[in-house]
Amino acid sequence: MGTVLAFDFGKKRTGVAIGETTLKQSHPLTVIITSDNSRRLAIIDQLIREWRPEHLVVGLPTHADGTSHGMTTEAHAFANTLKTRFQLPVTETDERLTSRDAETRLRETGHNARTAKSFIDAVAAQLILQTWFDIFHDDIPSLPA
């Protein structure tokens with residue numbers, strides 16, 4: 001039980017979301033904008049120190065049919081780096097269509113393509129984390145009734 005951080009990994013932009021296992025709710029947190037892996041990890045280190053998560057979730061991109069592609073390998077390597085560097089449990093979870101879904105949700109709330117751009121990755125990370133909560137809902141204790 002506790003805080004969970006989720007990541008929508010990208011080479012230039014990495015969305016971050018946060019959630020609590022007791023509430024099983026996710027929220028967009030921030031977008032890390034850098035192509036420098038050392039800088040990305042330094043920012044993640046700050047987030048981990050601030051939020052003290054007990055678990056990390058990384059979205060694993062695949063083709064629509066579930067087969068791997070180049071970004072699948074990079075996201076998997078990113079997840080392994082997080083696990084090694086921060087000594088926290090890391091789960092990889094399917095992220096198919098989360099960026100498209102995030103864009104649709106932002107447009108429904110009045111954002112256009114230009115204004116939505118700065119939020120899409122964080123909302124995609126939120127959707128990744130919410131999916132993880134929904135899939136593993138039986139493994140996470142609920143709030144008492």
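Results for (1) assigned to a loop (DSSP other than H, G, I, E, B); (2) at pLDDT 95 or above; (3) closer than 13 Å to residue 82 by Cβ, shown as yes or no for each residue.
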{"residue": "22", "(1), (2), (3)": "yes, no, no"}
{"residue": "26", "(1), (2), (3)": "no, no, no"}
{"residue": "35", "(1), (2), (3)": "yes, yes, no"}
{"residue": "39", "(1), (2), (3)": "no, yes, no"}
{"residue": "43", "(1), (2), (3)": "no, yes, yes"}
{"residue": "47", "(1), (2), (3)": "no, yes, yes"}
{"residue": "53", "(1), (2), (3)": "yes, yes, yes"}
{"residue": "59", "(1), (2), (3)": "no, no, yes"}
{"residue": "65", "(1), (2), (3)": "yes, no, no"}
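Given the options 98, 84, 73, 91, name the one that is buried (at least 16 other Cβ atoms within 10 Å of the Cβ) and modelled with pLDDT of 85 or more. Spell out how you get there, then give the answer.
Details: 98 fails: modelled with pLDDT of 85 or more; 84 fails: buried (at least 16 other Cβ atoms within 10 Å of the Cβ); 73 fails: buried (at least 16 other Cβ atoms within 10 Å of the Cβ).
Among 98, 84, 73, 91, only 91 is buried (at least 16 other Cβ atoms within 10 Å of the Cβ) and modelled with pLDDT of 85 or more.
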Here the residues within segment 1-20 that are assigned to a strand (DSSP E or B) and among the hydrophobic types (A, V, I, L, M, F, W, C) are 4, 5, 6, 7, 16, 17, 18
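Would you pick out the residues in segment 119-138 that are of a type in the set (Asp, Glu) and either crowded, with 23+ Cβ neighbours inside 10 Å or in a helix (DSSP H, G or I) (or both)?
First pass over segment 119-138, keeping only residues of a type in the set (Asp, Glu): 121, 134, 138.
121, 134 - these are the residues of segment 119-138 that are of a type in the set (Asp, Glu) and either crowded, with 23+ Cβ neighbours inside 10 Å or in a helix (DSSP H, G or I) (or both).
The values are calculated or read from the model by the stated rules, or taken from the named source; none is laboratory data. Owing to the predicted nature of the structure, the values given are computational and were not obtained by experimental measurement. All Cβ positions, glycine included, derive from the backbone under ideal geometry; neighbour counts span all protein chains shown.
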